[in-house]
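**Student:** What follows is a single structure, and I will ask about it in a moment.
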Amino acid sequence: MPARCIGWPTASGDADAWSCTLVGHQVVSADGAPYDDGPDSPIVVLGDSFTGVYELMDCEHAGVSAHIAKDIGYPVDLVMSYGGGPNVREKLLHRGVDKLKSKKLVIWMMTARDLFDHAEGWQPLDKK
């Protein structure tokens with residue numbers, strides 16, 4: 001998704017001194033239907049809010065999971081959490097063992113700062 005920025009912020013940080021336009025490219029099928037994630041897919045994209053920004057809100061159907069699915073020609077399952085990159089794995093585990101067993105590939109994406117400076121820390125998994 002290309003971004004185009006016009007101008008630069010002033011030394012005072014005046015937000016009105018510049019503007020940016022981000023163009024999201026929606027993924028659609030040949031008949032024009034918007035892409036939807038497939039919860040039964042053997043491929044899961046696990047991530048923080050950055051994986052859901054353009055998939056679940058804003059322009060929709062234009063997020064990371066949609067573009068991965070388009071490029072590989074196969075739907076993927078998106079499991080994401082707002083502000084919880086390291087701990088989103090709990091959401092996947094809460095689906096149950098049977099759902100987890102069907103997954104063959106996990107693509108785990110999060111902002112780099114969560115690797116070393118996550119506010120909640122990396123919580124141990126609840127092994128029930």
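The values are calculated or read from the model by the stated rules, or taken from the named source; none is laboratory data. None of the values given here were measured: they were computed from a predicted structure. Virtual Cβ from ideal backbone geometry, glycine too; neighbours counted across all protein chains shown.
**Student:** Output yes when any residue across region 79-90 is of a type in the set (Gly, Ala, Ser), touching a residue at least 40 places away in the same chain (Cβ under 8 Å) and either more than 27 Å from Gly32 (Cα to Cα) or in contact with a Phe, Trp or Tyr (Cβ under 9 Å, 6 or more places away or on another chain) (or both), and no when none is. Lay out the reasoning, then the answer.
**Tutor:** First, pick out the residues of region 79-90 that are of a type in the set (Gly, Ala, Ser): 81, 83-85.
The next check asks that each one be touching a residue at least 40 places away in the same chain (Cβ under 8 Å); those that pass are none.
No - not one qualifying residue is present in region 79-90.
So that you can scan it fast, the table gives a plain yes or no per residue for (1) surrounded by fewer than 16 Cβ atoms within 10 Å (Cβ to Cβ); (2) within 18 Å of Gly52 (Cβ to Cβ):
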site	(1), (2)
Tyr74	yes, no
Asp77	no, yes
Ser81	no, yes
Lys91	yes, yes
Arg95	yes, yes
Asp98	yes, no
Val106	yes, yes
Met109	no, yes
Ala112	yes, yes
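**Student:** Can you tell me which residue is modelled with the lowest pLDDT among those in region 58-72 that are more than 11 Å from the chain's Cα centre (by Cα) and over 12 Å from Ser29 (Cα atoms)?
**Tutor:** This residue is Asp58.
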